[in-house]
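Okay, structure first, notes after.
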Amino acid sequence: MTKPVEISFDDLRRLPKESTELWVQPSVRQRVEQVLRFRVSEPKKTTRETKCVIVIGGGTLLDAAKAWRADQSPATRLIAVPSIWGSGAEVSPIVVANDLGQKDIRMDDRFLPDQVVYWPELADDIPGDLARTACGDSWSHALEGFLSPLADDALRNEIAELISRMLNTPLGNSPRWFKLSAEACGAQACSSVGLVHGIAHTLEGPLRTSFPDQRWGHAKLCSSFLAPVMAFNGQGDGKSNRLLAQYGVDKKGVLKIARELHDASAYRTALPFLIDNWRTILRDQCTRTNVRLVRPSDLEFFERWIAE
Amino acid sequence: MNNHQKLKDLLLDVFLIGESEYSLEISQEDIETWDSMGLVAMAVGIEETFGHHLTQEEALSIRKFQDIVDILSTKGMSFDD
């Protein structure tokens, strides 16, 4: 899979101003405008004559830019600057659109940005709780990518090494997570994800609708369900435990991280939605590539699971 | 539980079909959920239930449920009731 070329922040500043526009997440606009002197625009106002768009934001804005460029202005150069980690949108050929609670997922190399810039100072602007759940998103990509039935030996070795670096990076606002997350997403794209993502994709819409003030999103769901899903995967024929041991992954360290990420209150809130949407979760394409087969009767495990 | 019943329970769960829909003659064209990801789930389930890791060739050769019985039978598993 091709990847966007990484360029430096200085390279970004040297771009010609007359033909470059910025799309900026509001949460980082003040910082951005202090150091970058490009015209700030937005998706509806950018024209096809724009030679270069620099998009600085989270996965949603990055995906909007990727889709706009591919569908409406293929000749425009697109430079992605993630303001938060987790989605891997800056290095992914996947675009996720959320329409009325339904995720529309498209995959095409046309969606890949041309270049990516990592701006470490943006990590300072991320609220602490969002930074942690974004780490949970990254961890879910790494672990599910590693355990995927579609992963081969080379990929598992690659992700095992990545996991060891992730274990040495504290959860929270470390800018090291920008690149760790990109690596995790890039590696997982070569295999698949699993039940954590099947749950997150299915429940995000209903939870957001029911609790609009609780900031339910993909990362929060991944963080809340990683521990119980890892516990579920560890049962059955024990394949996930064998894989972790075979590739030298520190299982205790991984489970400790999953417990740290787990939000028991969020889990209790989400559980009725898990029950109501279990059949939909079973049918989700991510669930169907889980390391352990997920059966209708396995709902009982999650109803009974309590964090240790 | 004999192997026939194990396989039936497995396939009902993998493909999310009801008992009344089940038959060893069911083919890929008959089931909406028998797509590439369904094939992955089936392979995972077969390994968990019968201890046999399907090769890529075996997985791609399966066109109907009976084909699974035929493959597992060659591995020494009995499906005689």
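Data table
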| item | result |
| --- | --- |
| Spin-label zone in the stretch A:15-40 - amide nitrogen under 12 Å from a point set 7 Å from the Cα of residue A:98 along the C-beta vector | none |
| Kirkwood hydrodynamic radius of the stretch A:142-212, from inverse mean 1/r over distinct Cα pairs, in Å | 13.4 |
| Accessible area of the protein assembly as shown belonging to carbon and sulfur atoms, whole % at 1.4 Å probe | 48 |
| Computed [θ] at 222 nm, helices only, for chain B once each DSSP H run of length n ≥ 4 contributes -39500 (n - 2.57) | -16500 deg cm²/dmol |
| For the stretch B:3-74: rounded, prolate or oblate by the Cα gyration tensor [a/c cutoff 1.5] | rounded |
| Partners for residue A:239 among lysines (Cα-Cα distance below 23 Å; same-chain residues under 8 apart left out) | A:251, A:252, A:256, B:6, B:8, B:75 |
| Degrees between helix A:153-167 axis and first principal axis of chain A (Cα, 0 to 90, nearest 10) | 80 |
| Tilt relative to chain A, helix A:176-188 - C-alpha long axis, 0 to 90 degrees, to 10 | 70 |
| All Cα pairs of the stretch A:183-239, percent lying beyond 13 Å | 67 |
| The stretch B:35-81: Cα Rg divided by the 2.2 N^0.38 Å rule of thumb | 1.08 |
| Over the stretch A:126-304, volume per residue of the alpha carbon convex hull, in Å³ | 103 |
| Estimated 222 nm signal from helices in chain A, with DSSP H stretches of n ≥ 4 weighted -39500 (n - 2.57), rounded to 500 | -15000 deg cm²/dmol |
| Shape parameters for the stretch A:1-160, alpha-carbon atoms, Rg then Dmax in Å | 16.2, 49 |
| Bins of 10 Å, starting at 0 and running to the largest distance - Cα pair percent for the stretch A:167-272 | 12, 41, 37, 9, 0 |
| Degrees, to the nearest 10: A:251-261 long Cα axis against longest axis of chain A | 70 |
| Chain B: most fluctuating residue of B:66, B:56, B:28 per GNM, C-alpha cutoff 10 Å | B:56 |
| FRET efficiency, 1/(1 + (r/R0)^6) with R0 25 Å, evaluated for residue B:57 and residue A:246 via beta carbons | 0.55 |
| Sites residue B:29 and residue A:107 - FRET efficiency at Förster radius 25 Å, r taken between beta-carbons, to 0.05 | 0.50 |
| Only Lys, Arg (+1) and Asp, Glu (-1) charged, at Cβ; the stretch A:1-106 dipole about Cα centre in debye | 220 |
| Residue B:19 versus residue A:10: modelled label distance in nm, points set 7 Å from Cα along the beta carbon direction | 7.3 |
| Accessible area buried, both sides summed, chains B and A with 1.4 Å probe, Å² | 1500 |
| Solvent accessible area, Å² - residue A:279, 1.4 Å probe, full protein context | 130 |
| Among A:193, A:291, A:28, residue whose mean-square fluctuation peaks in a GNM of chain A (springs only between Cα atoms under 10 Å) | A:28 |
| Total charge dipole magnitude, the protein assembly as shown, about the Cα centre, Cβ charges on Lys, Arg, Asp, Glu only, Debye to nearest 20 | 1580 |
| Centroid-to-centroid separation of the stretch A:27-97 and the stretch A:155-214 [C-alpha atoms, Å] | 21 |
| Candidates A:298, A:152, A:213: whichever shows maximal mean-square fluctuation once chain A is modelled as a Gaussian network with Cα springs under 10 Å | A:213 |
| Base-10 log of normalised Debye intensity for chain A (one unit scatterer per alpha-carbon) at q = 0.11, 0.12 Å⁻¹ | -0.66, -0.78 |
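The values are calculated or read from the model by the stated rules, or taken from the named source; none is laboratory data. Values in this document were obtained by computation on a predicted structure and should not be read as measured data. Neighbour counts run over all protein chains shown; Cβ positions are idealised from the backbone, glycine included. Heads up: the accessible areas ignore ligands, DNA and RNA and are worked out on the full protein's heavy atoms, side chains in. Shrake-Rupley method; radii C 1.70, N 1.55, O 1.52, S 1.80 Å.
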